[in-house]
Amino acid sequence: MVKRIIAILLSVVMLTMGLAGCGSSENEIEIDEDVLSVNSFLPTDKYVKKLGRTEEVETGLWLAYSGSGAEFSFNGTKATITLLGDDTINSEDWNSVPRIAIYVNDELVVDEMLMEESTTFTVFESETAQDCVIRIVKLSETGNSTCVIGSIEVEAYGAIKPTADKEHTIEFIGDSITCGYGVDAEDQNSSFSTRTENATKSYAYLTAQLLDADYSLISKGGHGIISGYTSDGTIQSWGVMSQFYECFGSGSGTVGGVTPDSVEWDFKNNPVDLVVINLGTNDYSYTGSDPDKQNEYKTAYVEFIKTVRDDNPDAYIICALGIMGNELYPMVEAAVNEYVAETGDNKVTSFEFDVQSASDGYGADWHPSEVTQQKSAEALTEFIKEWLGW
């Protein structure tokens, strides 16, 4: 009884300081797993499984890229999660604020736009204790806004715990298609908005689900291998994905004055088994059918494969293209063949998606519909199973 009273008093002190469950050895509290109690935690490795590229900051877990988030389990009666906007959150810009989803035991319970600096959601409440798995996912892309998972408060037996890692981890490098751009829009006449972006409906997230794999989406709308999207044929160097690949994230949102692309990503401590590159749709707006420009794309693609290999020495690599047009796919194949011939690396191959069909509908700005994304995931999944035996 004395032990429990001390633990409760410590919890009150820690909550007042905003540090409960932070994992600091100086502020560690003992939580009795046999007693139902209220405790607050910050989403560190000790308490949550991180999804995709994330960065621990003073206020919690920073999310930038599409699909990034956290997952944890507990046995209890209530769970409350506080999400924070980044330094530049603007509640008047409805089309750029972060879109967040929260699942409880795979059931979607929150799908909201973060309009304020701090928003708290009660995601689970029950009269009797239950086993719960909670997953928090950023649905929108890094280019417009970022956010932070702040405190996680539960009424539970013991502390929250990270869920188990999957057998395999896949990293997807892509553009707006990988982000799930406009997949929740009414039709192709809709314009861009983070409100209609949904990473969980992208072929990348769906492929990971079909393979029961962990995932990471390194994707940003409008980007490519040598150029971002261009409407007049001039090269757009701002949209070269390689300049962001080795960073935690990208975009204008800052946390504590720090930009996501100024934080270096730790590849050594975050290994992946497979990397899928899906870049070229935006490049084609620059290259068109010009053979010199297409060759420029191919040459740069070879160099990007080398970068990906240097950062992921043990991973398999698939170079894919085709969902919104397959015009540059021959150059993807040529880049893979040239790279393999030069290096002898036989863990790299190419894959051509089917081009989207009008009969399956379109998302915003002619982007893939939910049906197209699902079909693409199924095709890629079958290819991975055949190639790697997963």
*Taking the range 370-390 as the region of interest, how many residues are among the hydrophobic types (A, V, I, L, M, F, W, C) and over 16 Å from T169 (Cβ atoms)?*
5
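Residues checked against (1) under 21 Å from H367 (Cα atoms); (2) surrounded by fewer than 22 Cβ atoms within 10 Å (Cβ to Cβ):
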| position | (1), (2) |
| --- | --- |
| I218 | yes, no |
| D232 | yes, yes |
| I235 | no, yes |
| F248 | no, no |
| P271 | no, yes |
| Y284 | yes, no |
*When you look at S262, is it surrounded by fewer than 23 Cβ atoms within 10 Å (Cβ to Cβ), touching a strand residue (DSSP E or B) at 6+ places or on another chain (Cβ under 8 Å) and of a type in the set (S, T, Y), yes or no?*
yes
*asked:* Return the residues of the range 174-203 that are part of a loop (DSSP other than H, G, I, E, B), of a type in the set (S, T, Y) and closer than 25 Å to Y301 by Cα; say none if nothing qualifies.
replied: Y181, S202
*asked:* Suppose we filter the range 61-110 for residues that are surrounded by fewer than 24 Cβ atoms within 10 Å (Cβ to Cβ), touching a helix residue (DSSP H, G or I) at 6+ places or on another chain (Cβ under 7 Å) and either assigned to a strand (DSSP E or B) or modelled with pLDDT of 95 or more (or both); how many remain?
replied: 1
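A quick yes/no check of all residues on (1) in contact (Cβ under 8 Å) with a residue 12 or more places away in the chain; (2) more than 18 Å from N198 (Cβ to Cβ); (3) surrounded by fewer than 15 Cβ atoms within 10 Å (Cβ to Cβ):
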{"residue": "E342", "(1), (2), (3)": "yes, yes, yes"}
{"residue": "N346", "(1), (2), (3)": "no, yes, yes"}
{"residue": "F353", "(1), (2), (3)": "yes, yes, no"}
{"residue": "A358", "(1), (2), (3)": "no, yes, yes"}
{"residue": "T381", "(1), (2), (3)": "yes, yes, no"}
{"residue": "K385", "(1), (2), (3)": "yes, yes, yes"}
*Among the numbered criteria (1) under 16 Å from L63 (Cα atoms); (2) touching an Asp or Glu at 6+ places or on another chain (Cβ under 7 Å); (3) not charged (D, E, K, R), which single criterion is violated by T200?*
(2)
*Go through the range 112-139 residue by residue and tally those that are among the charged types (D, E, K, R), surrounded by 15 or more Cβ atoms within 10 Å (Cβ to Cβ) and touching a residue at least 24 places away in the same chain (Cβ under 8 Å).*
2
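Select from the range 370-379 the residues that are surrounded by fewer than 21 Cβ atoms within 10 Å (Cβ to Cβ) and either of a type in the set (A, V, I, L, M, F, W, C) or assigned to a loop (DSSP other than H, G, I, E, B) (or both) and list them in ascending order.
Residues of the range 370-379 that are surrounded by fewer than 21 Cβ atoms within 10 Å (Cβ to Cβ), as a first pass: 370-371, 374-375, 378-379.
Scanning the range 370-379 gives V371, A379.
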*Any residue in the range 203-216 that's within 17 Å of T163 (Cβ to Cβ): show its pairings with residues that are at pLDDT 95 or above and of a type in the set (D, E) at Cβ separation under 8 Å, as long as the two are six or more apart or on different chains.*
A208/D214; D212/E167; A213/E167; A213/D273; D214/D165; Y215/E171; S216/E171
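The values are calculated or read from the model by the stated rules, or taken from the named source; none is laboratory data. Small disclaimer: the values here were computed from a predicted structure and weren't measured. Please note: Cβ atoms are built from the backbone with ideal geometry, for glycine as well, and neighbour counts cover all protein chains shown.
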